[in-house]
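The values are calculated or read from the model by the stated rules, or taken from the named source; none is laboratory data. Keep in mind that this is a model prediction, so the values were computed, not measured. Every residue, glycine among them, receives a Cβ derived from its backbone with ideal geometry; neighbour counts consider all protein chains shown.
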Amino acid sequence: MLAYDSPTVSASARKAADLFRNTFGRAPQTLVRVPGRVNLIGEHTDYNGLPVLPFAIAQSHCVAAGIGRGPFFELANAESQFPAKTVAAADLAAFSSAGEWDNYFRAAVLGLRDVGLLTAGHSAAGMQIAVASDLPSGVGLSSSSALVVAFALAALCVHAVPPVPVLHLAEVLAEAEHYVGTRGGGMDQAVCLLGKKDHAIRINFFPLEAEAIPFFCAGGQPAPRIYLSDSGVRVEKSGAGLQLYNRRPLECRLALQVFRRRAALMLHRLPPLDPVRHWGDLIKPPIALSHEAVLEAAATIFDRPSYSKSHLLGILGWREDEWTAFTESFPEPPDGFKLHPRIRHVIEEGRRVEQAADALRAGNWPAAAKLIAASHQSCRDLYEISCPEIERLVEAGANAGASASRLTGAGFGGCVLHLVPAAACSDFENKMRRQLGRGLRLFEVNPSQGAEIL
Ligand code: NG1
């Protein structure tokens, strides 16, 4: 069944330790394992300050590490597609071209240095590092964030930095990943640190909070199983996919500016919005509007689905340089900035996550399935992050007996999650293969333990 032929976690750990010994001629000082994740529901809500409901999976990166031989970092990887790298401590901020794997190491160390958890003194000692992994990259399982987290944990252990509160570390590393160029949120770093066997993790942001919710089914029935099918479409978020991804957070931030500006004219209906930094702040105390109230106000405020740059400059009263600073020179999309559809997705998805968390707490999987299916439609139609290959898998999942199927992760390719009732599992794989052929990559994932220092 395992198309990736996933070895056991201990096999990856052993591989990382062996690679370290063979490359550097001594035993590693520390060995860490950091898993990928699957997001059950809550897509592109994290950077908007609205909740997500992911879980950590068994597939992981293992990093073996030891103190270095001077002010440089020697990186080895068991996968031949990731060639060995040496990074000089003085050049940490001189990032390699987009998509190169040493960038994740640079981001981790720079992020820890920004908040004083590591110092220039630590970097002067250098590090030796070996990576082995059974977590595929570019398929929406958050392999890049897991790598940043694994490098960071390895560095903290090697330098014997006293334990850091895990929520703080997750926030620091979410910020650190911005060094790689994506303007993502904090879901991935949080869940790969906080994952718990047989639990989904409901995470909220600004401030970061996490709650583990057990997978169980009411009435003593077995819980459904979760399969992933791989669309084969790879969009490297730190490379070619960067603009596709970053356009969405920018549209959300622009939409919030327009909303705040125009909401001021609706003061009789909305409270003052001074403390609002993210869309989620409208829902949380002290503002505490209902999702419906925000959606209703947005429907009035956004008078068209898409806005040109010049129209936005007019609404916001910004000069060209203010626009450039805010957008970080992001090019104007030919179809304009789609503010209202994006925001409808974000607010409705935030509400769906709350409802799905309630359904999981009650063991009500049929209710969760409806929300998961609705999430996919919204990702496809309002956030526009699906593609024909993903749609084909979603349709095949429905024909094969899944109670819901949806893209998981950033989108534009990667994997589809299928929620399959226990009774339909025995036939599911055959029914999928009958539709999609033998080349289909289909595998089961289970909610697993988060990062571990082995
Ligand atoms: P993946 O699927 O790992 O590319 C990205 C972001 C998340 C979140 C999701 C969409 C990064 C590191 N990760 O995840 O924060 O926004 O997209 O829900 O940018």
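In the set P334, P388, P421, P341, which member is touching a residue at least 24 places away in the same chain (Cβ under 8 Å) and surrounded by fewer than 19 Cβ atoms within 10 Å (Cβ to Cβ)? I'd like the intermediate steps shown before the answer.
Values: P334 fails: touching a residue at least 24 places away in the same chain (Cβ under 8 Å); P388 fails: touching a residue at least 24 places away in the same chain (Cβ under 8 Å); P421 fails: surrounded by fewer than 19 Cβ atoms within 10 Å (Cβ to Cβ).
After applying the criteria, what remains is P341.
The rows are residues; the columns are (1) within 25 Å of the chain's Cα centre (by Cα); (2) closer than 28 Å to A210 by Cβ; (3) of a type in the set (S, T, Y).
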| position | (1), (2), (3) |
| --- | --- |
| F24 | no, no, no |
| A27 | no, no, no |
| T30 | no, yes, yes |
| E43 | yes, yes, no |
| Q81 | yes, no, no |
| A90 | no, no, no |
| A93 | yes, no, no |
| V109 | yes, yes, no |
What about G99, is it surrounded by fewer than 21 Cβ atoms within 10 Å (Cβ to Cβ) and either not assigned by TED's automatic domain parsing to the domain that holds S60 or not in a loop (DSSP other than H, G, I, E, B) (or both)? no
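Could you list all residues from region 371-385 that are part of a helix (DSSP H, G or I) and crowded, with 17+ Cβ neighbours inside 10 Å?
The initial filter retains those residues of region 371-385 that are part of a helix (DSSP H, G or I), namely 371-381.
L371, I372, A373, A374, S375, H376, S378, C379, R380 - these are the residues of region 371-385 that are part of a helix (DSSP H, G or I) and crowded, with 17+ Cβ neighbours inside 10 Å.
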Can you pull out the residues in region 251-296 that are assigned to a helix (DSSP H, G or I), surrounded by fewer than 19 Cβ atoms within 10 Å (Cβ to Cβ) and aliphatic (A, V, I, L, M)? A264, L265, M266, A293, L295
The one condition in (1) of a type in the set (D, E, K, R); (2) part of a helix (DSSP H, G or I); (3) under 30 Å from the mean Cα position of the chain (by Cα); (4) closer than 28 Å to G181 by Cβ that D321 fails to fulfil: (3)
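Output the residue which, of all residues in region 396-424 that are over 22 Å from A356 (Cα atoms) and at pLDDT 95 or above, is farthest from the ligand (Cβ to nearest atom). Explain how you work it out, then say what you get.
Filtering region 396-424 for residues over 22 Å from A356 (Cα atoms) gives 396, 399-400, 412-414.
Now drop any that are not at pLDDT 95 or above, which leaves 396, 399-400.
Values: A396: 21, N399: 26, A400: 24 Å.
Only one residue tops the list, namely N399.
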For region 39-96: of the residues being under 20 Å from H178 (Cβ atoms) and surrounded by fewer than 17 Cβ atoms within 10 Å (Cβ to Cβ), which is farthest from the ligand (Cβ to nearest atom)? D91
Quick one: count up the residues across region 103-125 that are surrounded by fewer than 21 Cβ atoms within 10 Å (Cβ to Cβ) and more than 15 Å from V158 (Cβ to Cβ). 5
Anything in region 284-314 that is within 20 Å of N48 (Cβ to Cβ) and basic (K, R)? List them, or say none. K284
For region 171-199, which residues satisfy the criterion of being more than 7 Å from the ligand (Cβ to nearest atom), in contact (Cβ under 8 Å) with a residue 60 or more places away in the chain and closer than 15 Å to G140 by Cα? V191, C192
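Matching residues to (1) within 19 Å of V149 (Cα to Cα); (2) of a type in the set (G, A, S):
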site	(1), (2)
Q81	no, no
E100	yes, no
Y104	yes, no
G116	yes, yes
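So that you can scan it fast, the table gives a plain yes or no per residue for (1) outside any strand (DSSP E or B); (2) within 12 Å of the ligand (Cβ to nearest atom); (3) closer than 21 Å to R14 by Cβ:
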residue	(1), (2), (3)
A124	yes, no, no
A132	no, no, yes
G140	yes, yes, no
L147	yes, yes, yes
A150	yes, no, yes
C157	yes, no, yes
